[in-house]
């Protein structure tokens, strides 16, 4: 029960109780929690107090609301262990899992029209026979839910059939037949928090301005060529970053 004589605000105490019920499994994923009125009566607190607790848990990703139905427990966040994170999992040329990938768009672009891509690929790949890149947009799912949106760029000079290979879900080892020097051996990654624009909000079905985790990856081959550059966005409310350090 709540302690009204405690220095901890009542809405915070209620939050802690609801989180405990969620994490213990008492309130299961995608199930409705008690209504505001039921919580008011059970804990003898005001509706504004209940609303503040629920609003903060919704913003933190523990709960979600369905108009006209009530408040429900969110699915558990996907855990990304940054200690073991190599940058390879969000890519086409090194990912071993193609089953959870849905290709949304493929096209050929000229990197000479994009200064950032030109800087990424031309510094190391100054002998590219063609400046064309394959641009492949896809998403990845976890337990049936879309958690990431990824755009990948691959030089057609090295992988002229990559678009067809991806559509046909060809295994990575087949893509690299006869291309051993191009095998990725290093990934350069950056991670930052960004906020959903209109396109992101439509894709993820979230509000504009909601936080996303953005990861940029460059895969570098055995012969020190950039063979892939990708931009991934994850729903921050569906993913959790884990890290462990020892001294």
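Throughout, read-outs are computed from the coordinates displayed, never taken from laboratory work. Please read all numbers here as calculations on a predicted model, not as lab measurements. Glycine gets a Cβ as well: all are built from the backbone with ideal geometry, and neighbour counts include every protein chain shown.
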Original post:
In nm, to one decimal, how far is the modelled label at residue 170 from the one at residue 211, with both set 7 Å along Cα→Cβ?
Top reply: 4.1 nm
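Full extension from residue 231 to residue 60: what is 0.36 nm times the residue separation minus their Cα-Cα distance, to one decimal in nm? Don't jump to the answer; show the numbers that get you there.
Numbers: separation 171, 0.36 × 171 = 61.56 nm, distance 2.46 nm.
Contour length minus the Cα-Cα distance gives 59.1 nm.
How much length is gained if the chain between residue 109 and residue 145 is pulled fully straight, taking 0.36 nm per residue apart and subtracting their Cα-Cα distance, in nm to one decimal?
Values: separation 36, 0.36 × 36 = 12.96 nm, distance 2.98 nm.
Length difference between fully extended and current span is 10.0 nm.
Working out 0.36 nm times the residue gap between residue 69 and residue 119, then minus their Cα-Cα distance, what length gain in nm do you get to one decimal? Could the numbers behind the result be given before it?
Details: separation 50, 0.36 × 50 = 18.00 nm, distance 5.06 nm.
Gain on extension, residue 69 to residue 119, equals 12.9 nm.
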Original post:
Gaussian network model of the chain, Cα springs within a sub-10 Å range: biggest mean-square fluctuation belongs to which of 231, 19, 92?
Top reply: 19
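For the ranges 172-185, 216-229, what's the packing order if you count other beta-carbon atoms within 10 Å of each residue, average per peptide, and put the highest first? Kindly include the intermediate steps, with their values, before the conclusion.
On the way: 172-185: 13.4, 216-229: 20.1.
Final packing ranking: 216-229, 172-185.
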**OP:** Kindly state, to the nearest 0.05, the FRET efficiency for residue 37 paired with residue 6, given R0 = 30 Å and r defined as their beta-carbon distance.
**Re:** 0.80
Original post:
So what is the orientation-averaged projected area of region 107-219, using the convex hull of its C-alpha atoms, in nm²?
Top reply: 8.6 nm²
**OP:** Would you mind checking the tilt of helix 47-59 against the longest principal axis of the Cα atoms of the chain, expressed as 0 to 90 degrees and rounded to 10?
**Re:** 10 degrees
Subject >> Helix 10-23 vs. the chain, principal-axis angle (Cα, 0 to 90°, nearest 10) >> reply: 60 degrees
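Which value in Å is the Kirkwood Rh of region 10-73 over different Cα pairs?
On the way: mean 1/r = 0.0862 Å⁻¹.
Answer for region 10-73: a Kirkwood hydrodynamic radius of 11.6 Å.
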Original post:
If you project the alpha carbons of the chain onto their three principal axes, what span does each projection cover, largest first, in Å?
Top reply: 73, 47, 31
**OP:** Could you check the simple spin-label distance between residue 190 and residue 21, using points 7 Å along Cα→Cβ, in nm with one decimal?
**Re:** 4.4 nm
**OP:** Report the normalised scattering of region 154-247 as log10 I(q)/I(0) at q = 0.17, 0.24 Å⁻¹, calculated by the Debye formula with identical scatterers on the alpha carbons.
**Re:** -0.91, -1.11
